[in-house]
Amino acid sequence: MITWSRFWESDVPRDTHEGLAELFAHAYPRSAAKFTGARSWSNARPERRIVGVLDGRPVAHLGVLRRFLRTGDGGSVLVGDVGLLAVHPDLHRQGIGGQLLHRAAAQLAELEVPFGFLTCGNHVVPVYRSAGWHRLDGQVTRMIDSRGETVVYGEASMVIPVGAGLSDWPHGQSVDRDGWEL
């Protein structure tokens with residue numbers, strides 16, 4: 001049975017960072033070289049983490065960072081930027097990702113953000129949709145990539161209403177994630 005924990009970033013024990021680095025190396029094999037020792041982040045570090053542990057090792061993770069996205073009309077929108085979602089490949093298709101996303105929704109509400117926001121590959125959109133996330137078709141998301149360069153994200157951007165309604169999202173506008181993704 002998986003045991004779930006939530007951590008503020010500064011409270012994550014070193015051995016948990018090490019276990020997460022191992023999890024991410026398995027979950028993101030093309031980026032495995034980033035996750036060595038106790039490095040359990042890719043680009044930006046999360047503010048909050050949800051960690052699932054099985055048999056003493058982390059097997060599921062999701063990070064959240066509150067930030068403002070700049071909108072095309074010159075405004076901004078506060079979001080809980082979600083990233084580093086991972087379930088160990090040996091445990092795929094067992095409902096763990098759904099459990100994790102359910103916990104994420106509760107975490108976003110606790111952080112009192114109007115929306116959760118994430119970018120993901122098109123192939124995983126159905127997983128997020130099943131947990132209440134909405135694909136932002138036509139949304140242009142600019143972000144800073146791992147090389148520090150501003151790029152237009154080419155796959156899916158998704159949002160989940162938390163403290164606001166979906167109609168309050170700045171539909172049809174570009175958004176800028178003025179910082180590295182998680």
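Within 10 Å, at most 12 other Cβ atoms, and a DSSP state outside H, G, I, E, B define an exposed site. Report the longest part of the chain free of exposed trypsin sites (Lys or Arg not before Pro). That gives 1-92 as the longest site-free run. Every Cα-Cα pair in segment 63-136 was counted, and those over 20 Å apart are 33% of them. Spin-label model, ALA164 to ARG142: label points 7 Å out along the Cα-to-beta-carbon direction sit 2.0 nm apart. In this structure the amide hydrogen of GLY72, modeled in the peptide plane, comes within under 5 Å of the amide hydrogens of SER174, none closer than 5 places in sequence on its chain. Using the 1.4 Å probe convention, the accessible area of the chain works out to 50 Å² per residue with neighbouring protein chains retained. When the P(r) is computed for segment 1-82, the part past 18 Å accounts for 45% of the Cα-Cα pairs.
Among GLY63, GLY74, GLY97, the largest mean-square fluctuation in a Gaussian network model of the chain, built with springs joining Cα atoms closer than 10 Å, belongs to GLY74.
Amide H contacts of GLY179: ILE144, each under 5 Å away and 5 or more positions distant or on a separate chain (H built 1.01 Å from N in the peptide plane; Pro and chain starts excluded).
Per-residue ellipticity at 222 nm for the chain, helices alone: DSSP H runs ≥ 4 residues times -39500 (n - 2.57), over residue total, nearest 500 deg cm²/dmol? Calculated from helices alone, the mean residue ellipticity at 222 nm is -5500 deg cm²/dmol. Projected onto their three principal axes, the Cα atoms of segment 112-175 cover extents of 33, 23, 23 Å, largest first.
Full extension of the chain between ASP15 and ARG57 gives 14.2 nm of extra length, using 0.36 nm per residue less the Cα-Cα distance.
Over segment 5-139, what is the relative contact order in whole percent, taking alpha-carbon pairs under 8 Å and six or more residues apart?
19
Within segment 56-106, the percentage of alpha carbon pairs spaced more than 16 angstrom apart rounds to 51%. Our coupling estimate for segment 141-149, obtained by passing each phi through the Karplus curve with A = 6.51, B = -1.76, C = 1.60 and θ = phi - 60°, is 10, 9, 8, 9, 7, 5, 8, x, 9 Hz, Gly and Pro reported as x. As an equivalent ellipsoid, segment 52-182 spans semi-axes of 25, 16, 14 angstrom, where each value is the square root of five times an eigenvalue of the C-alpha gyration tensor, largest first. Between the C-alpha center of segment 103-182 and that of segment 26-73 there is a gap of 15 Å.
What's the FRET efficiency of HIS134 with HIS92 using the Cβ-Cβ distance as r and R₀ = 25 Å, to the nearest 0.05? Show your work: numbers first, answer last.
Details: r = 24 Å, r/R0 = 0.94.
After rounding, the FRET efficiency stands at 0.60.
The values are calculated or read from the model by the stated rules, or taken from the named source; none is laboratory data. Just so it is clear, the structure is predicted and the values come from calculations on it, not from any experiment. Note: ideal-geometry Cβ built from the backbone for every residue, glycine included; neighbour counts use all protein chains shown. All accessible areas refer to the heavy atoms of the entire protein, side chains included, with ligands and DNA or RNA removed. Shrake-Rupley method; radii C 1.70, N 1.55, O 1.52, S 1.80 Å.
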